[in-house]
Amino acid sequence: IYTSTQAVTKTQMYCASATNTPASKLVVRMKRMGGGFGGKETRSVFSSCAAAVAAKLIDRPVRITLSRDVDMSTTGGRHAFLAKYEASVVMKKSGEVKFQSINVELFNNGGSAFDLSGPVLDRALFHLSGPYFWPEFHVVGVPCKTVQPPHTAYRGFGGPQGLATCEHIIDHLSEACGVSGDQLRKQNLYSVGNTTPFGMIMGEEFAGQWNVPKMWDRLYDELDVPSKRRSICEFNAKNKWKKRGFSMTPTCFGIAFTAKFMNQGGALVHMYTDGTVLVSHGGTEMGQGLHTKVCQIAAQAFEIPLEDVYINDTSSDKVANTQPTAASMSTDMYGMATLDACRQILKRLEPIREKLSETATLKEIAQAAFFERVDLSAHGYFALDDSRCGYDWEKEKPEDYPTDAPQNSWKGHPFNYFTQGCACSEVEIDVLTGNHTTIRSDVLVDVGRSINPALDIGQIEGAFIQGMGWSTLEEVVYGDNDHTWVRPRGKTFTTGPGTYKIPAFNDVPKDFNVSLMEDVENPFAVHSSKAIGEPPFFLGASVFYAIKDAVRSARLESEIDGYFELRMPATSERIRMACADEIAKECMGVPDERVVTFQPKGSF
């Protein structure tokens, strides 16, 4: 089976079951995907099974390629979330405002089948505290069955929705307390020694270096945020139909599969007698540069040029029982597994190397080893330490558990470490049309000691733009009570470029600056690096919060002050109607008391 999938073993096992074929006789091969982002973790399998059943029945090769509208209608997408919340702060005489409590009931729209709705909700709950310390924290998650197509994994896997819920609550608290959002966020970031609601201690020994406060201060000072906000206020005072907004948005994203058994990976390394190396590992390449990083790790281990290391494809007959390429864990797992295999070969070569001259090349060493009947192949394996992964939601506190240990720490250690970042964005909205332009975005991310800075910066840029699209443009419409003309109920209406809009070239920030934090160690991953695929995604939502800031200025023109709800994504229609000026009020056709809470339903 040749397939575009993030889950080679899952495809193998389901196709074996569907065709009543032993898994050992069924080979799944995956060369590369044209993108995956989670949508090919489970929702590619049904196509493979259909092709496999047909191929076995007629004993001929069968190919299935879904058209774009069928793909978008059936594959599902990111889960929509709804939050009901209560939150409180303590306002001190010194002017400091500290978070006190948060209580959230979180619902996710799973669609008509469960798929991955449970673990997606888990990760949303883990990230709902954001990078902030909440002394009293209580959240409950509820996955909901609806008539829509099954929703599935998508870059961030529930994390961005949890982080967005937290940021929305902070915006509400900011308005209620009459303090700036910047002040509220800065004063409530985790400090070293604080514990997360799930029992992890922030600090080097437990979760790695905690750098978000340092990154916040660096961007705040380098961009001179107070001066920037003053200039934006001056611009808004002079312009009625153009408004600008600004936001600072921090993030921290936990790295590990929340299911303990998934934190394992294997690799197969062959050294040939010409000194070149072939690597096969359980991860899949979808443009994120995984194969490149694994090749770099092998090349460094053997001290050979990068062009002497090759990865052919991901195949179930080379590395068996693999995990989906997901959770941003692939370089951590398969890089370590490859390094393990390389070290096994190098250890076998040590006696051969000692017999040859110091200037002997790897080719000469490999040839000598072959004639000495030394095995030049090795299977590497890596499993994250038990103490650094896995979380049992149902586990009761043991009677002999230390009384001074953090609350919920007896349930496990859900993340190995956190990839952290901070972004600032400035936007301009057109009050009359609702269109927006991103003037500038500055992004700073802690990726540890980057294996490949060019790849990591590319991942950050791509994730930022994707997160920006998710939070501002990409509205998905289904047949429901608000769109009764879409039939049947639950049918996806936005199934192609005519109705579903992703960011284009002119949506990229006009001034886009991405930086990696320097001199950062991470002892919990290969070569002190950090995972990068999903963590920067939420930073793109800084554009959404900047839009919200601009809309707030437009509402003040109409003497509408205080909290308001701007739902994601911030489409042109939502921006336009949220400004709530006299023209918008005429179009709403609702009583004056409902103008401040009006929510457009999507006009397609």
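The values are calculated or read from the model by the stated rules, or taken from the named source; none is laboratory data. The model shown is predicted, which means the values in this text are computed figures rather than measured ones. Here Cβ is always computed from backbone atoms with ideal geometry, including for glycine, and neighbour counts include all displayed protein chains. These accessible areas exclude ligands, DNA and RNA; they are computed on the full protein's heavy atoms, side chains included. Shrake-Rupley method; radii C 1.70, N 1.55, O 1.52, S 1.80 Å.
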Checklist outcome for this item: Per its Cα gyration tensor (rounded if a/c is under 1.5, else prolate when a/b beats b/c, else oblate), segment 370-480 is best filed as oblate
Checklist entry - How many percent of Cα pairs in segment 1-135 exceed 24 Å? => result 50 percent
Next on the checklist: At 1.4 Å probe radius, can you tell me the per residue accessible area of segment 472-589 in Å²?
Outcome noted: 45 Å²
Item to check | Degrees, to the nearest 10: 159-177 long Cα axis against longest axis of the chain | outcome: 30 degrees
Checklist entry - Hey, got a sec? Which chymotrypsin sites (Phe, Trp or Tyr not before Pro) in segment 480-581 land in a DSSP loop and have at most 13 other Cβ atoms within 10 Å? => result W485, Y563
Checklist entry - At a probe radius of 1.4 Å, what is the per-residue accessible area of H79, in Å² to the nearest 10? => result 10 Å²
Item to check | 15 Å beta-carbon shell around K56, net charge (K/R +1, D/E -1) | outcome: +2
Next on the checklist: For a 22 Å ceiling on Cα separation, which of these pairs sit above it: K501/K548; K548/K601; K548/K585; K510/K530; K31/K501; K10/K40?
Outcome noted: K510/K530; K31/K501
Item to check | Structure-based [θ]222 nm, the chain - -39500 (n - 2.57) summed over DSSP H runs of at least 4, per residue, nearest 500 | outcome: -10500 deg cm²/dmol
Checklist entry - Tell me, what is the percent relative contact order of segment 90-150, built from C-alpha pairs under 8 Å that lie six or more residues apart? => result 50 percent
Next on the checklist: Would you work out the Kirkwood radius for segment 209-344? I mean one over the mean of 1/r across all pairs of different Cα atoms, in Å.
Outcome noted: 18.5 Å
Checklist entry - Taking a ≥ b ≥ c as the square roots of the eigenvalues of the Cα gyration tensor of segment 148-258, is the shape rounded (a/c under 1.5), prolate (a/b larger than b/c) or oblate? => result oblate
Checklist outcome for this item: Share of accessible surface on carbon and sulfur in the chain, whole %, 1.4 Å probe and ligands ignored, is 52 percent
Checklist entry - Hey, what did the chain get for relative contact order, percent, Cα under 8 Å, at least 6 apart? => result 16 percent
Next on the checklist: Compute the helix-to-body angle for 117-127: its Cα long axis versus the longest principal axis of the chain, expressed 0 to 90° and rounded to tens.
Outcome noted: 70 degrees
Next on the checklist: Could you compute how much accessible surface F246 exposes when probed at 1.4 Å, giving the result in Å² to the nearest 10?
Outcome noted: 10 Å²
Next on the checklist: Using a probe radius of 1.4 Å on heavy atoms only, what accessible surface per residue do you get for segment 79-127? Whole Å² is fine.
Outcome noted: 45 Å²
Checklist outcome for this item: Longest the chain segment clear of GluC sites (Glu not before Pro) sitting in DSSP loops (not H, G, I, E or B) with at most 10 other Cβ atoms within 10 Å runs 1-302
Item to check | Accessible surface, 1.4 Å probe, highest first, among residues D317, D561, D480 | outcome: D561, D317, D480
Item to check | In degrees, nearest ten, helix 212-222 long axis to first principal axis of the chain (Cα) | outcome: 60 degrees
Checklist entry - Using the Cα gyration tensor of the chain, with a ≥ b ≥ c the square roots of its eigenvalues, what is the shape: rounded (a/c below 1.5), prolate (a/b larger than b/c) or oblate (neither)? => result prolate
